[in-house]
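One structure below.
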Amino acid sequence: MSLQCCRKIHIFGSVASGKTTLAKKLSDSLEIPYYELDNMVWDREPSEDVRRSEIEREEIVQEIIGSDTWIVEGVHVGPWMRNSFREADVILFLDLPYHQRRSRLLSRFLKQKLKLEEVHYRPTLQILRNMFKWNKTFESGQRFTFLYESGVDLDKVVFVKNGKNLNKLIHNLRDAKQRCNGLR
């Protein structure tokens, strides 16, 4: 896939694949705002997170993708996400090895418990168990289900299988943005 005028980026991958980290790097490098899908799914209340309805989520997504530039990151799929996949200039599919994601989950949990890493939820053992379960579910089939269910244009998808190519990808996206800005 050729990276041309990538102003609308959707980052997809399992829990602990590096979606948020990449979104932050791209946001800083490309000067494009990023949005976490988890914060669209959950209304973050001080006492507890409240799950938003699919209609509420879709309204939030529509407002974001209606803008000229955006980076959306998350593992969520479903009808409320179709327009994001459709409107994206590029879809970055972070497909890191299962064992690496498992290791990151444990490391992240420890950092969150020690308050060394910011988190939007309360890190509990139940959440950690759920994340291990979600990671396994993703590995055993969900990873490609989104391509089929969301009607993703495969020409837009860039598969990232390891961290070595991320810096090159960021550089290529920055170059694409400069080319695109020159066309305006």
Checklist entry - With respect to V72, is the statement that it is over 20 Å from N130 (Cα atoms), of a type in the set (V, I, T) and in contact with a helix residue (DSSP H, G or I) (Cβ under 8 Å, 6 or more places away or on another chain) true? => result yes
Checklist entry - If we keep just the residues of segment 39-57 that are open to solvent by 70 Å² or more (accessible area, probe 1.4 Å) and either polar (S, T, N, Q) or closer than 21 Å to A23 by Cβ (or both), which is modelled with the lowest pLDDT? => result S47
Next on the checklist: Being open to solvent by less than 40 Å² (accessible area, probe 1.4 Å) and at pLDDT below 75 is true for just one of G182, G141. Which residue is that?
Outcome noted: G141
Next on the checklist: Being surrounded by 15 or more Cβ atoms within 10 Å (Cβ to Cβ) and farther than 13 Å from N83 by Cα is the filter here; which residues of segment 58-69 pass it?
Outcome noted: T69
Item to check | Selected residue (criterion: least open to solvent (accessible area, probe 1.4 Å)) from residues of segment 8-38 that are basic (K, R) and in a helix (DSSP H, G or I) | outcome: K19
Checklist entry - In segment 25-44, how many residues are of a type in the set (D, E, K, R) and under 14 Å from W70 (Cβ atoms)? => result 2
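Given the criteria open to solvent by 40 Å² or more (accessible area, probe 1.4 Å) and of a type in the set (S, T, Y), does S84 qualify? Let's see the steps before the verdict.
Numbers: open to solvent by 40 Å² or more (accessible area, probe 1.4 Å): no; of a type in the set (S, T, Y): yes.
Considered against the rule, which asks whether it is open to solvent by 40 Å² or more (accessible area, probe 1.4 Å) and of a type in the set (S, T, Y), S84 comes out as no.
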Next on the checklist: Looking at segment 96-120, I want the residues that are more than 26 Å from F159 (Cα to Cα) and have a partner that is part of a loop (DSSP other than H, G, I, E, B) with Cβ atoms under 8 Å, at least 6 apart or on another chain. Which pairs are those?
Outcome noted: F109/P123; K111/E117; Q112/V119; Q112/P123; K113/P123
Checklist entry - Going by the structure shown, is K24 within 22 Å of V158 (Cα to Cα), free of Cβ contacts under 8 Å to residues at least 40 places away in the same chain and among the basic types (K, R)? => result yes
Checklist outcome for this item: All conditions in (1) under 14 Å from the mean Cα position of the chain (by Cα); (2) at pLDDT below 90 are true of V61 except (2)
Item to check | Of all residues making up segment 153-170, the number that are closer than 22 Å to R82 by Cβ and in a loop (DSSP other than H, G, I, E, B) | outcome: 1
Checklist outcome for this item: Going through segment 16-55 in order, the residues found to be of a type in the set (D, E), touching a Phe, Trp or Tyr at 6+ places or on another chain (Cβ under 9 Å) and over 19 Å from L94 (Cβ atoms) are D49, E54
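The values are calculated or read from the model by the stated rules, or taken from the named source; none is laboratory data. Since the model is a prediction, treat every value here as computed from it, not as a measurement. So basically every Cβ, Gly included, is an ideal-geometry build from the backbone, and we count neighbours across all protein chains shown. Heavy atoms of the whole protein, side chains included, go into the accessibility calculation; ligands, DNA and RNA do not. Shrake-Rupley method; radii C 1.70, N 1.55, O 1.52, S 1.80 Å.
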